[in-house]
Amino acid sequence: MRTVYVNGDYLPENEAKVSIFDRGFLMADGVYEVTSVLDGKLIDFDGHAVRLQRSLDELDMANPISKEDLLEVHRELVRLNGIEEGMIYLQITRGAPSDRDFAFPDPETPQTIVLFTQNKPGLADNPAAKKGMKVISIEDIRWGRRDIKTVQLLYPSMGKMMAKKAGVDDAWMVQDGFVTEGTSNNAYIVKGNKIITREASPDILKGITRTAVLRFAQEAQMEVEERNFTIEEAREADEAFITSASTFVMPVVEIDGVALGDGTPGHVAPRLREIYLDESRKAAG
Ligand code: PDD
């Protein structure tokens, strides 16, 4: 049984409780972060803490915990649960007022903060990275502020189910003819030495992994182009891949039933995965 963190307490998971009036539950009025753990250490905690603050600011929500205390809670959960490889999920909501109301509650309302670990042995050595993944394209009908990491994940969740139904691994979402991102990851195509990904805007979540991978790519003399691309362009690309805190860099080998190149991961995505894992491990804390 896991030990989780709720509002200042470390508790067995079956004793952790949140109110039925919680704004996260009733209104999806909450934000979250997922930080990966490798070798028992946190990957890019700083990046996640900065994005968390930005999400809170954009929603006019207070931050109930200092960055130092948040780091301490992450480390303590890793220790208490003996996590070598996996993830830490963090969620902050606007708390639980005494009744349901569309208006934000009094700012004095205590917020809800929850963290739990997800143990994933073999996360870095994931065999899926050698095979690559298959995606379908679906319409992106999410709200207009995808740059804020809110807990309203119903459409991404439905997208994942559409992918499952189609017998593939994930879905790339398309808006006005251009790929935005995957259901829970950023999307890229590769042409020659060039990596192409949509530019950061309210249309996508600016991944912490994305920032790191684009930097490593440039340091490795690869060219990075931040621009829109279509599914048609992606299907003719040499390679494609996704990035996220839970998948790192993962090759994509098929889009809407069309194999990319020879249908195997190629060179660029596996190399970026290796560089990302090496560099992140070195910098982990
Ligand atoms: N998802 N885009 C979306 C829509 C995401 O949900 C995520 C992360 C990303 C990648 O961000 P990062 O590199 O910071 O993980 C992009 C997390 C992993 C999740 O929901 O589980």
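Quick one: is R215 within 19 Å of Y276 (Cα to Cα) and either in contact (Cβ under 8 Å) with a residue 40 or more places away in the chain or not aliphatic (A, V, I, L, M) (or both)? So R215 passes the test.
Residue-wise test of (1) away from the ligand (no atom under 11 Å from the Cβ); (2) open to solvent by less than 20 Å² (accessible area, probe 1.4 Å); (3) within 30 Å of Q53 (Cα to Cα).
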| residue | (1), (2), (3) |
| --- | --- |
| G207 | no, yes, yes |
| A212 | no, yes, yes |
| A217 | yes, yes, yes |
| V249 | no, yes, yes |
| E254 | yes, no, no |
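Applying the criterion of at least 1 residues that are out of contact with any Leu (no Cβ under 9 Å at 6 or more places or on another chain) and among the polar types (S, T, N, Q) to the strands (runs of 3 or more DSSP E) found wholly in segment 25-120 leaves 86-93, 112-119. Considering only segment 2-33, how many residues are over 22 Å from the mean Cα position of the chain (by Cα), open to solvent by less than 20 Å² (accessible area, probe 1.4 Å) and within 18 Å of E72 (Cβ to Cβ)? Matching residues across segment 2-33 total 0. Restricting the first member to segment 164-181 and to residues that are modelled with pLDDT under 95, and the second to residues that are within 16 Å of the ligand (Cβ to nearest atom) and open to solvent by less than 10 Å² (accessible area, probe 1.4 Å), no beta-carbon pair is closer than 9 Å while six or more apart or on different chains. From the list Q175, Q118, the lone residue that is open to solvent by 20 Å² or more (accessible area, probe 1.4 Å), within 11 Å of the ligand (Cβ to nearest atom) and out of contact with any Pro (no Cβ under 9 Å at 6 or more places or on another chain) is Q118.
The values are calculated or read from the model by the stated rules, or taken from the named source; none is laboratory data. Values in this document were obtained by computation on a predicted structure and should not be read as measured data. Virtual Cβ from ideal backbone geometry, glycine too; neighbours counted across all protein chains shown. Each accessible area value is taken on the protein alone, full model and side chains, heavy atoms only, with ligands, DNA and RNA left out. Shrake-Rupley method; radii C 1.70, N 1.55, O 1.52, S 1.80 Å.
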